[in-house]
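Notes follow the structure.
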Amino acid sequence: MPKHPMIEQLIEAHLDFLEQEFSHTATIQSEFLNFYQWFRKQTLQEIWSFEQINALLQKQVLATPASHFLIEQIGEHLRFALIHPANESTQIADVIPVLTVDKIAQYIASKSGHRQRLIKTVVNSPAFSAMITQLIQHSIQDYLDNSVMAKRVPGVSRFMKMGKSVLETVTDSNLDEAIGHYLQKNILKLSQMSEHVLNQHFDDEKLYHFQANLWHKIKDLPLTVLKNYIEVQDLPNTVGLGHEIWDHLRQTEYLKQQVHDGIYAWYTRNQERSFDLLLRDLNIDEALIQHELQQLLAPVIQKMLSSDYLRIRARAYLEKFYYAETAQKILNIQS
């Protein structure tokens, strides 16, 4: 389409006007605030449907794998946090509030029922039974091997009595078998005793004081002690393993269903709420819009103006408008 001198002058004048207006910070602030005032009154269901939100999150969070660069960055930030020089002069108590620690200790100590069920499960497990059996057996054998009598009286190094009828006189050759047989027959009683002792040792008051004493032991330690438990050089491997778990989990039907149902429950509760209230849930209010967010937006607009991006994009649309048939008719009438 041939260029028309009058239209070109109008486009240039229009572009100069836009550039002039948006070069003022006040204009940007006003437009941004006016948009917020309109947006805040809209309800969630008027703008987005549940299906739209769910489809977006399912695609971007679950269906899209994390990039290799992102995984590297996570590991790098963790490494940087662990080796930061401030860790040398910062104590654990400086970053963890003591009142919160005390609340946690009280909360854990108060959960008697949960603790007793956990102890019962542990002591009745085959792994615990095997461990306690081996521990007792090794302790008895170690005692006999190193007892004063064993050293002074030859020939009686492995003589003992257990109960009234289980073991009477035991020789070196069959002691191990006899001890194992005794423990195997009495493992239920040993488990019950273990459960009783553990519940006594970890009652509410003792468990609270145990946690309090532990806190007093570690509170003055510098944060550099974390490096004793987290190998900095192994972070690429550990972060990679964590990513492998997530990468598998995100593809499971289980997580897809959880995300779907979670979004649906949230949407149902909030669909009639305005964006003003939804933004307040994220601590975004009008004061934040007027100050911090506008301060972030202004440099973006100014950069667009200085690079001619806004002028180039606006020209494309203005040319479509002015060279359209409707605008041509208006210009012909005015001429």
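None of the figures in this text is laboratory data; all of them are computed from the coordinates on show. None of the values given here were measured: they were computed from a predicted structure. All Cβ positions, glycine included, derive from the backbone under ideal geometry; neighbour counts span all protein chains shown.
Counting other Cβ atoms within 10 Å, which chymotrypsin sites (Phe, Trp or Tyr not before Pro) in segment 179-244 have at most 10 and lie in a DSSP loop?
Qualifying residues, ordered by number: Tyr229.
Pop a pseudo-label 7 angstrom from the Cα along the beta-carbon direction at both Phe35 and Gln257 and give the gap in nm to one decimal.
4.1 nm
Using a ≥ b ≥ c from the Cα gyration tensor of segment 230-334 (square roots of the eigenvalues), is it rounded, prolate or oblate, where a/c under 1.5 gives rounded and otherwise the larger of a/b and b/c decides, a/b for prolate?
Cα axes put segment 230-334 in the prolate bin.
Quick one: order Lys217, Lys206 by neighbouring beta-carbon count within 10 Å, fewest to most.
Least crowded to most crowded, the residues run Lys217, Lys206.
Provide the per-residue ³J(HN,Hα) series for segment 85-95, in order, calculated from phi with Karplus coefficients 6.51, -1.76, 1.60 and θ = phi - 60°, each as a whole number of Hz, with x at glycine and proline positions.
Karplus values, whole Hz, x for Gly and Pro: x, 5, 5, 5, 9, 9, 8, 4, 5, 6, 10.
Apply 1/(1 + (r/R0)^6) to the Cβ-Cβ distance of Asn270 and Asp220, taking R0 = 45 Å, and write down the FRET efficiency to the nearest 0.05.
That gives a FRET efficiency of 0.50.
Taking every pair of distinct Cα atoms and averaging 1/r, then inverting, what Kirkwood hydrodynamic radius in Å comes out for segment 183-259?
About 17.7 Å for segment 183-259.
List the residues, sorted by chain then number, that are 5 or more residues from Thr90 or on another chain and whose placed amide H is less than 5 Å from its amide H.
For Thr90, the qualifying residues are Leu223.
Taking only Cα atoms, what is the 0 to 90° angle, nearest 10, from helix 25-39's long axis to the longest principal axis of the chain?
The two axes meet at around 70 degrees.
What percent of all Cα-Cα pairs in the chain falls into each 10 Å bin, going from 0 up to the bin containing the maximum distance?
4, 11, 11, 19, 18, 11, 7, 6, 5, 3, 2, 1, 0
I want the local charge near Ile119. Using Cβ-Cβ distances under 13 Å, sum +1 for each Lys or Arg and -1 for each Asp or Glu among the other residues.
Cβ neighbours under 13 Å give a net charge of +2.
Report the per residue volume, in Å³, of the convex hull enclosing the C-alpha atoms of segment 10-128.
Normalising the Cα hull of segment 10-128 by residue number yields 419 Å³.
Output wanted: per-residue J couplings in Hz (rounded whole) for segment 266-282, from phi through Karplus 6.51 cos²θ - 1.76 cosθ + 1.60, θ = phi - 60°, x for Gly and Pro.
Ordered by residue, 3J(HN,Hα) equals 5, 5, 4, 6, 10, 4, 9, 7, 6, 5, 4, 6, 5, 5, 5, 4, 9 Hz.
Once you put a point 7 Å from the Cα of Ile53 and another 7 Å from the Cα of Asn186, both along the Cβ direction, what distance in nm separates them?
So the label points at Ile53 and Asn186 sit 6.3 nm apart.
In nm, give the distance between the simple-model label positions of Leu331 and Asp204, each being 7 Å from the Cα along the Cα-to-Cβ direction.
My value for the distance between the label points is 8.6 nm.
Can you list residues from other chains, or at least 5 along the same chain, whose modelled amide H is less than 5 Å from the amide H of Asn124?
none
Report the charge-dipole magnitude of the chain in Debye, nearest 20, computed about the Cα centre from +1 at each Lys and Arg Cβ and -1 at each Asp and Glu Cβ.
Approximately 1220 debye in magnitude.
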